[in-house]
Amino acid sequence: MLLIKNKFLVNSFWLIIEKLYLLLGGLFVTALVARYLGPSNLGMISYGITLSVFCTVISQWGASYYIFNYATHNPIKA
C-alpha cells in the first residue's frame, strides 16, 4: 500500500511541477514578447487571441451539448 501512495504522490508532484513550469515559462515568454512588440501591438494580438478563444469556447459548448444529447438518446449508435 505504501508503494501505491508513493506513486500517487510522485505523480501529483510531477503534475504540479509541470503546471508551475508552464505558467512561469508563459509569463517569461509573454514578458519578452511584450517588451519586443510594445504595448499597442501586444494589445492587438491579445485582443485577437481573446476573440478567437471566446468563439472556440462557445462552439465547443454547443458541440458538447449536442454530442451528449445524441449519446443519451441513441446509446447504440453513440
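Brief remarks follow.
- Surface composition of the chain: carbon plus sulfur atoms hold 75% of the accessible area, using a 1.4 angstrom probe and ignoring ligands, DNA and RNA.
- Calculated Cα extents along the principal axes in Å (choose from (i) 34, 25, 20; (ii) 54, 44, 11; (iii) 33, 28, 18), label: (ii)
- Each residue of region 33-40 was assigned a 3J(HN,Hα) from its phi angle through the Karplus expression (A = 6.51, B = -1.76, C = 1.60, θ = phi - 60°), giving 5, 4, 5, 6, 7, x, x, 6 Hz with x at Gly and Pro.
- FRET efficiency estimate (nearest 0.05) - Cβ-Cβ, residue 8 to residue 50, R0 35 angstrom: 0.40
- A full extension of the chain between residue 63 and residue 40 corresponds to an added length of 4.8 nm, given 0.36 nm per residue minus the alpha carbon distance.
The values are calculated or read from the model by the stated rules, or taken from the named source; none is laboratory data. Everything quoted here is computed from the prediction, not taken from an experiment. No Cβ is skipped: glycine too gets one built from the backbone with ideal geometry, and neighbour counts run over all protein chains shown. Only protein heavy atoms, including side chains, enter the accessible area calculation; ligands, DNA and RNA are left aside. Shrake-Rupley method; radii C 1.70, N 1.55, O 1.52, S 1.80 Å.
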